[in-house]
Amino acid sequence: MRVELSVNGDPYRREIEPDATLLSLLRETLGLTGTKWGCETGDCGACTVLVDGEPVVSCLQLARQVDGTDVTTVEGLEVEGELGDLQAAFVRNGAAQCGFCTPGMLMSAEALLRRNEAPAEAEIREALSGNLCRCTGYSKIVDAVLEAAESRQAPVDASA
Amino acid sequence: MSGLLVGAILRSPHPHARIVSIDISEAEALPGVHAVIHAGNVEQRPYGYNHDNVPLKGEKVRFIGDEVAAVAAVDEETARRALELITVQYEPLPTVFDPFESLDPSSPQIHDELENVEGNVAMRWDWDHGDVAAAEAEAAAIVEGMYSAPQAAPVPIETHIVIASFDPAEHLTVWSPIHMVFMYRKELADCLGLDWEHITVIQPPVGGSFGGKIDIDPHDFITVMLARKTRRPVKLVMSREEEFIGTRTRQPIHFKLRTGADADGNLLFRDAEIVSDNGAYNGWGSHAMLVAMQTITSMYRVPASRVRCAVVYTNKNYGGSVRGFGNPQATFAVEQQMEEIADALGLDPMDVRLRNANQPGDVTPQGMQITSCGLEECLEIVREQSGWDKRRGTMRERHRGLGAAAFVHVGGGARIYRSDGCGAMVKVDDSAQVTLITGASELGQGSETVLAMIVAEEIGVPLDAVHVINSNTDVKPWDVGVHASRTTFVAGNAAKLAATKVREQLLETAVEVLGAPVDELRIVDGVVEVSGDEEKRMPLGKLMRRRLLREQGSIVMATAFYDPPTQMQKDYYGNVSAAYGFGAHVAEVEVDPGTGMVRLLNLWTAHDVGRAINPMSAEGQIEGGAAMGIGLALSEELVIFDGQIAAPNLHDYGLPTAVDVPRIVVNLVETIDPRGPFGAKGLGEAGIIPPAAAIANAVADATGIRPRAYPMRPWKVKEWLDAGERSHVARQGAADA
Ligand code: FES
Ligand code: FES
């Protein structure tokens, strides 16, 4: 069967198996391997992407169900080839060690910041609680999200 | 990769059974199947410690998950269907899951084929030092008790994935996350009868290991066997379930420990009877006792010690070398008894710890030579930050408590193999780009950055001028591998030595080109400077071109191999590491007396890291390690019924999430180790060691009960609360006095 969707702003039309997941569509069909596979049971969050702005574990989402939607993956956080603000905050804060959970963490954090511009630490922890990280102990990830939230709120430099 | 096939493994559904017959004809006939292998149609030899394992089992299976057959097919679905078409007839055998039962000579023997194994005892570790009986007679107080650690798992978020491919000239390339790459290559060759000079191991970025990717596993061999059989590249991905049931775990260890001290709190002896339940095969996990023993004999000054340890086989998934390697388990016992004995003597546990603290210059009973040691300072820091003196023992009404634990762990390599070394090559090219080719592997622990920083500092170039290559055995110099918190220390020293030589070569050229004596030259930020002569500055790129692009030019490149001055222990005696890391944690908990729920409110940590070369990443290692320690303490466990892991998935396993781990306070204590690169010591495992012990002590302070096992899940704590589980004080000093 055929799906049509937008991924990171680009339109795609692809033939898929009816039982293909969004994760396999992204990784195998479209070659967007930034989204990670960690369990296939919805437990690790490494495969999190945004579907119409909402965070979704793509391993449990059938590709045919995202027909007509707007999908954002970690590759879509870049701005003109540069790291996006959230990604840069992760780097500055040491929020990635092995980096395997990072794409999913970034997408959950991005979804949070889109609906709550000034989240409290507890809200950040809650929003990331579906994303497992075995390396960091989470604090540096929380710090990165706090920092990104703050910089998004900072008044825009008038001279820019 | 063109022609890539998918591999899949058929695993035993029985915990212990004889394989009567295996029929692969239907699986072979399935279109899309390129190979079906089992013990009867492949070449393989026993491998592992005491050669007690073989990749594909022919005679019998010894745990649920044991590998019996494998297929390579065009896609995953076909491979799975082929597995279903293999018929194996088993004759179930009597089983043994409990390690104490396994010790009973009448229990079923799991490795009846091994002549050098008596019953189910894979190995014994016995140790005697000093006169324990005399110390016992002298002791003012003695505490005793059982302390148990469960089977747990390393759980990297990326599972094991292996790709194997033979080229037409029979050269094998394996892409694998295993981080003992050179040993891996040899083990592959030995087991499969391959020429190891025709094997290349490539390590792609690794999505975490925590020791789970140290051991070579049957699936590694199987992937190569499938590629050999099919003449096609084969990829094998462990599913999350297989990661739990078919890769290495943290072995459950049970300690019956006694500690004695005099009336002033001076430790007199420790006496331990230990049973390590390492499962169906030895793996590296059988050697976790090496580290557990060190904590019993050498954590604090202990004049007399006795250890009797049996590593036993049981019909369960077997143990590997998970982060901390026996130390979280041993520390759980040892550090609880530090507080129990202090309480029995009416002394403050921090005072007792400080009184017995290891000191620089000490040689422990096992011959461990302590060089730098910041234990006292670490204890003082967490004592102060947690408000220990005012708060411990005062919050029981609010069901709150404080508990502490310290640790000792190797931090300067660990000689468990004939060599403890690592190679490094450093070169500078005509653009002044510096390349470090290191034997070490990056697993997300940040070694690449730390090694680059060491090289940049040593030569005098900016950090971003240094590139690190570490992923291919054809290219990189030999290394034992990543284990035992050794990379910063051993690979760091190797990189530093090579970088020193490179700097000397650069300065030689500078003397020639700039016409200044060497003692007036410095390399700063990628520029050679001549003291007192601003005019003569020359960027390294230009200097390099002057050296290289001429008749009789030459390159700048140096190699080094650093093998720390460590000893292979003989009869458990010898200086196994060139430096030792120390640290202390204090935990604050609140226990709900109704449900037994333990909530961790705070964790203060102080770690003697020698020198923090990259403080952010050192902190990250300690926070991440401590989070794993918190998981062990409160939630992580592979629950096993009749040999079956009840719920091999991430949902039930109990990995801590962002809401379970509090903000951890990390203090980096710098003691500048005399042998460490710029004074640094290893710290990769450190964070995981004390939390379970510290949290158990905090639970005891909050409730008066004495935790006997972790994870301290609510129902278990509730059980102890209801039963009034207390410290077992065999002799009470203060009461006698
Ligand atoms: S791969 Fe989707 S949640 Fe783990
Ligand atoms: S950085 Fe490795 S799992 Fe999060």
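The values are calculated or read from the model by the stated rules, or taken from the named source; none is laboratory data. Computed from a predicted structure; not experimentally measured. Ideal geometry is used to build each Cβ from the backbone, glycine not excepted, and the neighbour counts take in all protein chains shown. Please note that ligands, DNA and RNA were not included when accessible areas were found on the heavy atoms of the full protein model with its side chains. Shrake-Rupley method; radii C 1.70, N 1.55, O 1.52, S 1.80 Å.
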**Study point:** DSSP bridge pairs, chain A: antiparallel proportion in percent, nearest 5
**Key:** 90
Check your understanding: Do the sum for the protein assembly as shown: with -39,500 (n - 2.57) for every DSSP H run of n ≥ 4, divided by all residues, what is the mean residue ellipticity at 222 nm, to the nearest 500 deg cm²/dmol?
Key -> -8500 deg cm²/dmol
Review point. So, by mean Cβ neighbours within 10 angstrom, what's the order for B:516-525, B:337-346 with the highest one leading?
Key: B:337-346, B:516-525
Practice item. Calculate one ³J(HN,Hα) per residue across segment B:642-649 by plugging θ = phi - 60° into the Karplus curve 6.51 cos²θ - 1.76 cosθ + 1.60, and present them in order as whole Hz with x for glycine and proline. Key: 6, x, 9, 5, 4, 9, x, 8
Point to revise | Förster radius 22 Å - calculated FRET efficiency between residue B:504 and residue B:535, Cβ distance, rounded to 0.05 | key: 0.35
Study note, to complete from the structure: Using the Kirkwood formula on alpha carbons, the hydrodynamic radius of segment B:507-587 in angstrom works out to 16.9
Practice item. Give the shape of chain B as rounded, prolate or oblate, defined through the alpha-carbon gyration tensor: a ≥ b ≥ c are the square roots of its eigenvalues, a/c under 1.5 means rounded, and otherwise the shape is prolate if a/b is larger than b/c and oblate if not. Key: oblate
Practice item. Project the alpha carbons of segment A:85-153 onto their principal axes and report the range along each, largest first, in whole Å. Key: 29, 23, 17
Exercise for review: Provide the three semi-axes, in whole Å and in decreasing order, of the ellipsoid equivalent to the protein assembly as shown as defined by the square roots of 5 times the Cα gyration tensor eigenvalues.
Suggested key: 41, 37, 31
Check your understanding: For segment B:206-312, how big is Rg over Rh, using alpha carbon atoms and the Kirkwood form of Rh?
Key -> 1.19
Review point. Using the C-alpha atoms of segment B:157-211, what convex hull volume per residue, in cubic angstrom, is computed?
Key: 77
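Per-residue counts of other Cβ atoms within 10 Å, averaged by peptide: what ranking do you get for B:583-589, B:107-113, B:270-276, highest first?
Highest mean packing first, the order is B:583-589, B:270-276, B:107-113.
Sort B:663, B:706, B:726 from largest to smallest accessible area, using a 1.4 Å probe on the heavy atoms of the protein chains.
Of B:663, B:706, B:726, the descending order of accessible area is B:726, B:663, B:706.
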Check your understanding: By how many degrees, 0 to 90 and rounded to 10, does the Cα axis of helix A:139-153 deviate from the longest principal axis of chain A?
Key -> 80
Check your understanding: What does the average come to when, for each residue of peptide B:359-367, you count the partner chain Cβ atoms lying within 10 Å of its Cβ?
Key -> 0
Review point. By average Cβ neighbour count within 10 Å, what is the ranking of B:348-355, B:243-250 from highest down?
Key: B:243-250, B:348-355
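Let me make sure I get this right: for segment B:630-737, a, b and c are the square roots of the gyration tensor eigenvalues over alpha carbons, sorted descending. Under 1.5 in a/c it's rounded, otherwise prolate if a/b > b/c, else oblate. Which is it? Intermediate results must be reported in sequence, preceding the final value.
Details: a/c = 2.23, a/b = 1.15, b/c = 1.93.
Oblate, because a/c is 1.5 or more while a/b does not exceed b/c.
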Practice item. Output the direction-averaged projected area (hull surface divided by four) of the convex hull of the alpha-carbon atoms of segment A:1-147, in nm². Key: 8.1
Practice item. Would you mind giving the mean number of other chain beta-carbons within 10 Å of the Cβ of each residue in A:31-40, as a whole number? Key: 3
Check your understanding: Which whole-angstrom value gives the distance between the alpha carbon centres of segment B:167-202 and segment B:595-643?
Key -> 35
Check your understanding: When you look at the Cβ of every residue in A:137-148, what mean number of other chain Cβ atoms sits within 10 Å?
Key -> 5
Exercise for review: Go through segment B:581-597 residue by residue and turn each phi into a ³J(HN,Hα) via Karplus (6.51, -1.76, 1.60, θ = phi - 60°); whole Hz please, and just put x for glycine and proline.
Suggested key: x, 10, x, 9, 10, 10, 10, 10, 10, 10, 10, 7, x, x, 10, x, 5
Revision key, fill the gap. Under Stokes-Einstein, segment B:264-349 at 25 °C and 0.890 mPa s, with its Kirkwood radius over C-alpha pairs, diffuses with a coefficient in µm²/s of 176
Check your understanding: Under the definition of Cα pairs under 8 Å and six or more residues apart, what whole-number percent is the relative contact order of chain B?
Key -> 16
**Study point:** Stokes-Einstein D for segment B:23-180, Kirkwood Rh over Cα pairs, 4 °C, 1.567 mPa s (µm²/s)
**Key:** 62
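Carbon and sulfur: what percent of chain B's accessible surface (1.4 Å probe)?
Working: 12720 of 25700 Å².
Whole-percent figure for carbon plus sulfur exposure: 49.
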**Study point:** All-pairs Cα distance distribution in segment B:422-562, expressed in whole percent, bin size 10 Å
**Key:** 13, 43, 29, 13, 3
Review point. In the structure shown, do any of B:57/B:316; A:36/B:427; B:186/B:681; B:186/B:213; B:316/B:716; B:501/B:681 have a Cα-Cα gap over 25 Å, and if so which?
Key: A:36/B:427; B:186/B:681
Exercise for review: With just the Cα atoms of segment A:2-76, tell me how far they stretch along each of the three principal axes, in Å, largest first.
Suggested key: 28, 25, 20
Point to revise | Solvent-accessible area buried by A and B, counting both chains, probe 1.4 angstrom, square angstrom | key: 2600
Review point. Going by a ≥ b ≥ c, the root eigenvalues of the Cα gyration tensor, does segment B:175-268 fall in the rounded group (a/c under 1.5), the prolate group (a/b larger than b/c) or the oblate group?
Key: prolate
Check your understanding: Going through the DSSP H helices of chain B, which span 24 Å or more along their own axis at the Cα atoms while scoring at least -1.0 as a mean Kyte-Doolittle hydropathy?
Key -> B:327-345, B:492-514, B:615-634
Exercise for review: Take the alpha carbon atoms of segment A:41-81, find their center, do the same for segment B:116-155, and report the distance between the two centers in whole angstrom.
Suggested key: 52
Study note, to complete from the structure: Rounded to the nearest Å, the spacing of the alpha-carbon centers of segment B:525-593 and segment B:422-459 is 8
